[in-house]
Amino acid sequence: MITVRDLHKMYGDQALFRGINLSIRKGEVVVCIGPSGSGKSTFLRCINGLEFFEKGEIDIDDIALHSINRIRPSKEDMETLRKIRLKVGMVFQQFNLFPHMTVLENIAEAPVKVLGMAKSGADELARSLLKRINLAGKVNNYPAELSGGEQQRVAIARALAMRPEAMLFDEPTSSLDPEMVGEVLSVIKDLVNEGLTTIIATHEMDFARDVAGRVVVFDQGEIVEIGSPDDIFTNPSADRTKLFLSRVLKR
């Protein structure tokens with residue numbers, strides 16, 4: 001479903017990606033791990049069109065995303081980005097909920113404004129998603145009245161309300177207190193088990209081992225190793241993978 005070819009990404013004069021390649025099948029769950037600053041989040045943002053890149057191509061189904069002039073993107077480029085973001089939902093480290101809207105309104109807003117759904121239908125969809133993430137009783141609450149874990153679950157429901165064909169999770173538990181991590185990971189695991197094409201950047205190694213079909217290891221803007229969870233966590237071949245895991249698994 002998603003193919004990344006020869007991806008190059010620069011920050012000023014510094015190269016982050018120097019030709020990354022990765023293909024992801026429909027329904028596959030890919031988990032990206034690696035040190036902070038290794039490029040995991042930027043990789044996801046490139047797939048969703050939130051970061052421009054200098055060279056390469058990202059194909060999502062039948063849509064091809066190329067390098068875009070970030071100063072003056074063309075109408076065709078903006079239309080491509082719109083189509084990409086309709087197909088690929090994203091959940092961020094920060095929840096980014098609208099503070100002046102209720103939980104229901106946060107979820108129903110985009111289906112009405114972007115998809116043209118009737119308000120009654122969007123509200124019904126929002127209520128069903130809230131039930132799915134065990135927050136049916138929070139319909140009329142505002143984000144400030146929720147815990148961090150609850151806010152992140154609402155953010156997941158908001159992304160799902162757009163009915164994406166794939167979901168990207170950018171370290172979705174990194175802003176949460178430890179006791180709230182489990183409730184968010186449980187929701188993501190349920191989505192994974194339903195067959196949604198998913199890419200997750202995470203520091204939660206037990207979770208990565210549990211849900212991944214493949215694990216992709218990033219380090220210094222490179223993919224240094226790809227393999228099954230058993231291969232990566234039990235018998236990694238790359239020295240940089242071994243070093244990273246020796247540090248994080250000791251904690």
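Some observations on this one:
- Hits in region 106-133 (condition: crowded, with 18+ Cβ neighbours inside 10 Å and not β-branched (Val, Ile, Thr)): 106, 108, 111, 117, 122, 123, 125, 126, 129, 130
- Verdict on residue 244 being touching a residue at least 40 places away in the same chain (Cβ under 8 Å), in a helix (DSSP H, G or I) and among the hydrophobic types (A, V, I, L, M, F, W, C): yes
- From the options 186, 237, residue that is in a loop (DSSP other than H, G, I, E, B) and either out of contact with any Leu (no Cβ under 6 Å at 6 or more places or on another chain) or within 25 Å of residue 127 (Cα to Cα) (or both): 237
- Among the residues of region 51-105, those identified as part of a strand (DSSP E or B), within 17 Å of the chain's Cα centre (by Cα) and surrounded by 17 or more Cβ atoms within 10 Å (Cβ to Cβ) are 58, 60, 88, 89, 90, 91.
- When residues of region 18-40 are limited to those that are polar (S, T, N, Q) and either modelled with pLDDT under 95 or in contact with a Phe, Trp or Tyr (Cβ under 8 Å, 6 or more places away or on another chain) (or both), the one nearest to residue 220 (Cα to Cα): 38
- Some residue of region 171-183 being under 17 Å from the mean Cα position of the chain (by Cα), surrounded by 14 or more Cβ atoms within 10 Å (Cβ to Cβ), closer than 24 Å to residue 85 by Cβ and acidic (Asp, Glu): yes
- Scanning region 8-18 for any residue that is of a type in the set (Ser, Thr, Tyr), free of Cβ contacts under 8 Å to residues at least 60 places away in the same chain and assigned to a loop (DSSP other than H, G, I, E, B) turns up nothing.
The values are calculated or read from the model by the stated rules, or taken from the named source; none is laboratory data. From a predicted model like this one, the values you see are computed outputs, not experimental measurements. Positions of Cβ are backbone-derived with ideal geometry, glycine not excepted, and every protein chain shown enters the neighbour counts.
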